[in-house]
Amino acid sequence: MQRHMETGRWSRRRSLRLRFGRAVTTLGLLTAVACTSAQTPASVAGAGGGAGTADDVSVATWNMCGVRQWSCEKTGGPKEKLKQLRDLIDDSDVQVLLLQEVCSEDLVSFAHGLGPQWQSAFEPYAEVDAAGSRRSVDCTGQGKGQAGYGLLAGSQLTDVEAIPTEQPTVGLHRGILCARVPAQRVRVCNAHLSLRESDDEHPDWDFRDDQLSSLVAAASTDGATVFGGDFNTPPPVGDKDKNTSAWIWPTEAYTTYRECDQKGGSRAGRPTLKDGTKIDYLFTRLPRTDCEVVDTKASDHRPLVMRVTRPPEDPATISTVR
C-alpha cells in the first residue's frame, strides 16, 4: 500500500542587521512537504545492493537538473534520472539521498519506483517579488508539480524540518531541509544555497555565509548528522584574491567536520560540476570510510557519495572524525 502525505506550515520572519555596512531585511519561509510510503522489513540497513558493510551507511548528494526550464532540457527525463538513482543504490549501496532541482511529482514517482520501503520529503523553491508576494516555481510539463529540493531514503524519515535561513529580499528562495533516518542512526540536512548576486533588489548582497552558518548550526545539534548539498560556491582554497568566495565558509566546516573528499590538509576535492568545478559537498563528524564522485549523463552535476561508519546507539560515544 502506498501512502502520500503532505504537511505544511508557513513562518514569516523579518530581521534587521548590519552587514558590511548595509542593513539586510530578510523574509523566511518554512514549508515542509513529506511524501511517505508504507515501511516494510526491507527498509532496514542493507537494502541496497552495493558493497557496504553492516557498520556503514552511504549518503549521496545530487543536483538532478530536473527543472527543465533551467537549462536542463538535454540532461534526460525522469526515466534517465530514475536509472541513475537505481545505479547509485545498486553500485554504491546508497541508502539516503540529498536531492536538489527536482520536481515534486517526479520525487514521489522516484520513491514509488524504487520500492515501497523508500520515503521522500520535499521543500519547494519560492520566487519573492518586491512587494513580498511569494509564488512557487512550477516545473515545465503537465503533472510535474513544483520545483524544489528534497530527501530520499530507503527507510523511514522522521522529524522532517525546514531550517530558517537568510534569503534574498527579491528573488529565488532556496533553503535547508533536515530529517532523521532512524534505521541508519543518522540525521541528514540537505542545503541548496543562493547564487551570488541572487537578490534582484540588492545584487551586491551575499547570503551564502549566513546560510552556511545556519546549516552548521543545525548540524551541531546532533553528532550523527551528515549535511551537504549544492552550495553554489567553490571550496575555500587558492589565492583569496582569485577565490572571492572563500570568506563565506565557517571555520567549523573543515575542522569540527570533514568533507567527503577532504584529504589531510587539502580541501580542493574533485569536480562535481561538468564545467570542472566543485560546488557539491557532504560533511560529517562521523568516521568516513569512502568518497566517490560518480559520472552521469543525467545531470550537469555529478553525484557525490560518502560512506560513513554508523554511530553507536548512544550519540554521546561518537568517535572523532577522520
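Here is how the numbers come out for the structure above:
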item	result
Which numbered condition TRP247 fails, given (1) surrounded by fewer than 16 Cβ atoms within 10 Å (Cβ to Cβ); (2) in a loop (DSSP other than H, G, I, E, B); (3) of a type in the set (A, V, I, L, M, F, W, C)	(2)
Residue list for segment 212-232, filter: surrounded by fewer than 24 Cβ atoms within 10 Å (Cβ to Cβ) and either within 28 Å of GLU197 (Cα to Cα) or small (Gly, Ala, Ser) (or both)	LEU212, SER213, SER214, VAL216, ALA217, ALA218, SER220, GLY223, ALA224, ASN232
Residue list for segment 98-112, restricted to those being open to solvent by less than 10 Å² (accessible area, probe 1.4 Å) and free of Cβ contacts under 8 Å to residues at least 60 places away in the same chain	VAL102, CYS103, PHE110
Residue check, GLU161 touching a strand residue (DSSP E or B) at 6+ places or on another chain (Cβ under 8 Å), open to solvent by 40 Å² or more (accessible area, probe 1.4 Å) and not in a loop (DSSP other than H, G, I, E, B)	yes
Residue tally, condition hydrophobic (A, V, I, L, M, F, W, C), under 18 Å from the mean Cα position of the chain (by Cα) and in a strand (DSSP E or B), over segment 81-129	10
Positions within segment 132-158 being aliphatic (A, V, I, L, M) and assigned to a strand (DSSP E or B), in sequence order	ALA147, LEU151, LEU152, ALA153
Identity of the residue in segment 128-153, in contact with a helix residue (DSSP H, G or I) (Cβ under 7 Å, 6 or more places away or on another chain) and open to solvent by 50 Å² or more (accessible area, probe 1.4 Å), that ends up modelled with the lowest pLDDT	GLY143
Scan of segment 195-234 for residues that are part of a helix (DSSP H, G or I), within 16 Å of the chain's Cα centre (by Cα) and without any contact (Cβ under 8 Å) to a residue 60 or more places away in the chain, ordered by number	ARG208, GLN211, LEU212, SER213, SER214, LEU215, VAL216, ALA217, ALA218
Pair list, Cβ < 9 Å and 6+ apart or interchain, from segment 127-139 residues that are within 15 Å of VAL170 (Cβ to Cβ) and without any contact (Cβ under 8 Å) to a residue 24 or more places away in the chain to residues that are surrounded by 10 or more Cβ atoms within 10 Å (Cβ to Cβ) and small (Gly, Ala, Ser)	ARG135/ALA126
All positions within segment 240-275 that are of a type in the set (Asp, Glu) and more than 18 Å from GLN211 (Cα to Cα)	ASP241, ASP261, ASP275
Single residue of ALA23, ALA34, ALA42 found to be exposed (fewer than 15 other Cβ atoms within 10 Å of the Cβ) and either modelled with pLDDT of 95 or more or closer than 23 Å to VAL226 by Cα (or both)	ALA42
Residue that is nearest to LEU157 (Cα to Cα), among those in segment 185-209 that are small (Gly, Ala, Ser) and touching a strand residue (DSSP E or B) at 6+ places or on another chain (Cβ under 6 Å)	ALA191
Test: residue in segment 119-126 that is free of Cβ contacts under 8 Å to residues at least 60 places away in the same chain and either surrounded by fewer than 18 Cβ atoms within 10 Å (Cβ to Cβ) or polar (S, T, N, Q) (or both)	no
Matching residues, segment 273-300, being in a strand (DSSP E or B) and either open to solvent by 10 Å² or more (accessible area, probe 1.4 Å) or of a type in the set (Ser, Thr, Tyr) (or both)	LEU273, TYR281, THR284, ARG288, THR289, ASP290, CYS291, GLU292, VAL293
Considering residues of segment 164-186 that are under 12 Å from the mean Cα position of the chain (by Cα) and assigned to a strand (DSSP E or B) only, the residue farthest from ASN232 (Cα to Cα)	ALA179
Among the candidates GLN184, GLN156, residue that is open to solvent by 30 Å² or more (accessible area, probe 1.4 Å) and within 16 Å of SER120 (Cβ to Cβ)	GLN156
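The values are calculated or read from the model by the stated rules, or taken from the named source; none is laboratory data. A quick note: this is a predicted structure, and the numbers were derived from the prediction, not measured. Cβ atoms come from the backbone with ideal geometry, glycine included; neighbour counts cover every protein chain shown. The accessibility values were calculated without ligands, DNA or RNA, using every heavy atom of the protein model including side chains. Shrake-Rupley method; radii C 1.70, N 1.55, O 1.52, S 1.80 Å.
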